[in-house]
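The values are calculated or read from the model by the stated rules, or taken from the named source; none is laboratory data. Quick caveat, the model's predicted, so the values are computed rather than measured. When we count neighbours, we look across all protein chains shown, and the Cβ atoms used for this are built from the backbone with ideal geometry, even at glycine. With ligands, DNA and RNA removed, areas are computed over all heavy atoms of the protein, side chains included. Shrake-Rupley method; radii C 1.70, N 1.55, O 1.52, S 1.80 Å.
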Amino acid sequence: MKYFINDDFALSRSPEGPVASYIVPFAEWLGDRGYGLVSMRNQVLLAAGFSKWLGQKGIELSDISGDHPGRYLLDRAQRPKLGDTAALRHLLAFLRSQNAIAEEIEADHNPSPVEQHVQAYERYLHHARALSRQTIINYRPVVRDFLNFRFSDGEVSLAQLRAVDVTDFVRKRVSRLNMRRAKIMTTALRSFLSYVRYRGDITSDLAAAVPIVANWSLSSIPRAIGRDEVTHLLASIDRQTPIGCRDYAMILALARLGLRSSEVVTLELDDIDWVAGEIHVVGKNGQRNDLPLPADVGEAIADYLQKSRPRNASRRVFLRDKAPIRGFTGQCGLGSVIRRSLKRAGIDAPTKGTHQFRHGLASEMLRGGASLGEIGEVLGHRHVQTTAIYAKVNLSALRTLALPWPGEAQ
């Protein structure tokens with residue numbers, strides 16, 4: 001007798017085993033996340049087979065662990081297919097969300113002394129400094145490398161750190177790095193040494209011993225996409241498709257508001273005040289910035305929300321177009337949208353990233369007579385030095401800032 005999962009498909013028989021009662025809710029959970037009928041059917045069939053195997057092995061619901069899916073795939077006669085492991089991972093995630101099985105407990109391990117200090121530093125950056133995940137990811141390998149360099153014999157005693165350890169490490173590493181990575185390395189090292197002093201392990205300011213990477217301040221000119229190119233890019237997007245409608249709204253927000261990619265992908269429904277015509281943006285270090293919502297940006301976002309956004313419980317404004325339907329998990333997704341859109345439009349942009357729109361807006365504002373302070377306020381810069389680099393794109397305006405030479409020529 002058939003066992004109906006929903007109106008579209010059924011199993012040939014009722015499911016068996018400890019997960020049997022969760023099969024239909026699992027199918028609904030997959031549907032809510034945007035999985036298509038074929039994918040949903042395959043995952044449900046696999047879940048039913050897994051449940052039957054658990055029953056045959058005498059494994060109770062409360063005893064299910066992350067090891068069981070792999071054992072099941074090896075035990076069954078059918079050869080595993082691409083996607084089977086992910087499907088069973090989805091099932092376990094669903095069961096945990098229903099409190100049907102315990103959260104996966106990480107295997108007990110003994111981190112090395114170096115790793116213990118790296119983890120403690122990570123917690124400090126996250127909880128005490130509220131730094132972004134990307135910053136922590138950039139700093140972590142530098143600190144691990146430095147501690148391994150100094151304490152390669154195993155035991156770590158931060159009180160033994162000396163200035164010569166710092167300079168030797170930088171001198172031996174910096175020659176292998178480009179300018180950007182070298183600056184990240186020295187910044188991370190200063191941060192860690194300040195943390196060590198904050199902990200009380202050292203009393204001297206070893207952060208001051210970190211050599212400065214030679215660099216001309218503000219040496220480069222921001223690479224900005226031109227206004228005509230932005231117009232062409234937006235016009236090339238097919239707004240009649242759900243993906244095009246979304247991409248148009250995201251790119252327009254980048255171009256008109258100068259938002260960072262992280263600010264676009266993390267934008268939530270509650271961040272838009274439709275009555276006041278404002279958009280609330282959470283920038284770096286949790287800094288909140290309230291910006292006027294231009295009419296064209298508001299219309300593009302509203303068009304996406306009303307016509308193209310998948311029905312989903314997520315509060316994120318912009319959602320992925322592929323299952324699982326959810327907000328973008330990082331900035332890479334928006335970067336892919338930009339690269340794909342530029343290629344389709346045949347635009348040879350100065351870069352392939354999202355920051356070119358931010359630079360483009362700043363350059364246009366400067367040419368229109370906006371002050372560096374006004375530009376910095378729109379871009380969410382905390383210090384005018386950050387905005388000063390944009391002065392270089394407008395030489396005529398820059399000349400007006402030049403001070404007369406002291407004294408007069410005789």
**OP:** Name, by its number, the condition in (1) open to solvent by 30 Å² or more (accessible area, probe 1.4 Å); (2) modelled with pLDDT under 90 that does not hold for Arg190.
**Re:** (2)
Original post:
Can you name the condition, by its number, that His127 falls short on among (1) loosely packed, with under 13 Cβ neighbours inside 10 Å; (2) over 18 Å from Arg199 (Cα atoms); (3) not acidic (Asp, Glu)?
Top reply: (2)
Original post:
How many residues are open to solvent by 50 Å² or more (accessible area, probe 1.4 Å) and over 17 Å from Arg199 (Cβ atoms) if we restrict to region 138-154?
Top reply: 8
Subject >> Complete set of residues in region 179-200 that are hydrophobic (A, V, I, L, M, F, W, C) and farther than 22 Å from Ser157 by Cα >> reply: Met179, Ala182, Ile184
**OP:** Determine, yes or no, whether Ala255 is within 28 Å of Lys352 (Cβ to Cβ), part of a helix (DSSP H, G or I), modelled with pLDDT under 90 and in contact with a helix residue (DSSP H, G or I) (Cβ under 6 Å, 6 or more places away or on another chain).
**Re:** yes
Original post:
If the Cβ limit is 9 Å and pairs must be 6+ apart or interchain, which residue in region 66-91 that is in a loop (DSSP other than H, G, I, E, B) pairs with which residue that is open to solvent by 50 Å² or more (accessible area, probe 1.4 Å) and of a type in the set (Asp, Glu)?
Top reply: Gly66/Glu104
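This table checks each residue for (1) surrounded by 20 or more Cβ atoms within 10 Å (Cβ to Cβ); (2) among the polar types (S, T, N, Q).
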site: Asn6; (1), (2): no, yes
site: Leu11; (1), (2): no, no
site: Tyr35; (1), (2): yes, no
site: Ser51; (1), (2): yes, yes
site: Ser62; (1), (2): no, yes
Original post:
Taking Ala86 and the conditions (1) loosely packed, with under 14 Cβ neighbours inside 10 Å; (2) over 19 Å from Ala27 (Cβ atoms); (3) aliphatic (A, V, I, L, M), which numbered condition does it fall short on, given that it satisfies the others?
Top reply: (2)
Original post:
List the pairs whose first member sits in region 194-217 and is under 14 Å from Met179 (Cα atoms), whose second member is open to solvent by 100 Å² or more (accessible area, probe 1.4 Å) and at pLDDT 90 or above, and whose Cβ atoms are under 8 Å apart, counting only residues at least 6 apart or on separate chains?
Top reply: none
Subject >> Residues satisfying the stated conditions in region 1-40, i.e. in a strand (DSSP E or B) and within 12 Å of Leu91 (Cβ to Cβ) >> reply: none
